[in-house]
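Coordinate-derived values only; no laboratory data. Note that the structure is a prediction, hence the values are computed from the model and not measured. Note that we place each Cβ from the backbone using ideal geometry, even for glycine, and neighbour counts take in every protein chain shown.
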Amino acid sequence: MEGAKKVYLRYELKRTELVKTLGLAKEEPARVAAARALGEARDEATARALGLALSDRSRAVRLAVIAALGQQGLAAGAGPLKELASRAADAEEKRAIEAALRAIAAAPQPSPASAPAPASKETGKHP
């Protein structure tokens, strides 16, 4: 168990550093590289961070973010992609968005967390 904890902590530190780079780095190549690397992280927090990066001033960064959201395949990425599609003028961006949305639609989605069973009407208690 201790080994798994260390692996997760290393992953989380790296993911956090990549999110920070994506949002704060001045150099476009660093932001592009961060977006590409974040496509491997299949979690909603990363999808939200990528969604925010769709407003980056750099077309190359936006294209990398679009590809990363498609690679993740999480439904959380669909809303920001659709919003960008509604205002995107660039044909390549629009094609990339369409491809990412298709990838998201085709990807298996994580199961929602199990909710507790409703209380019994007779006893008022959970089973």
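Magnitude of the charge dipole for the chain, about its Cα centre and with charges confined to Cβ atoms of Lys, Arg (+1) and Asp, Glu (-1), is about 120 debye. Kirkwood hydrodynamic radius, the chain, all distinct C-alpha pairs: what's the number in Å? Evaluated on the chain, it is 16.0 Å.
Exposed loop sites are taken as GluC sites (Glu not before Pro) in a DSSP loop (any state but H, G, I, E or B) with at most 11 other beta carbon atoms within 10 Å; the longest stretch of the chain without one runs 28-121.
How large is the Rg to Rh ratio of segment 1-63 when both quantities use alpha carbon positions and Rh follows Kirkwood? Computed over Cα atoms, the ratio is 1.04. Springs between alpha-carbon atoms under 10 Å, Gaussian network over the chain: tell me which of D43, D56, D90 tops the mean-square fluctuations. Between D43, D56, D90, it is D90 that shows the largest mean-square fluctuation.
Considering only A45, L13, A60, and ranking their Cα positions along the charge dipole of the chain that arises from unit charges at the beta-carbon of Lys, Arg, Asp and Glu, the one farthest toward the positive end is L13.
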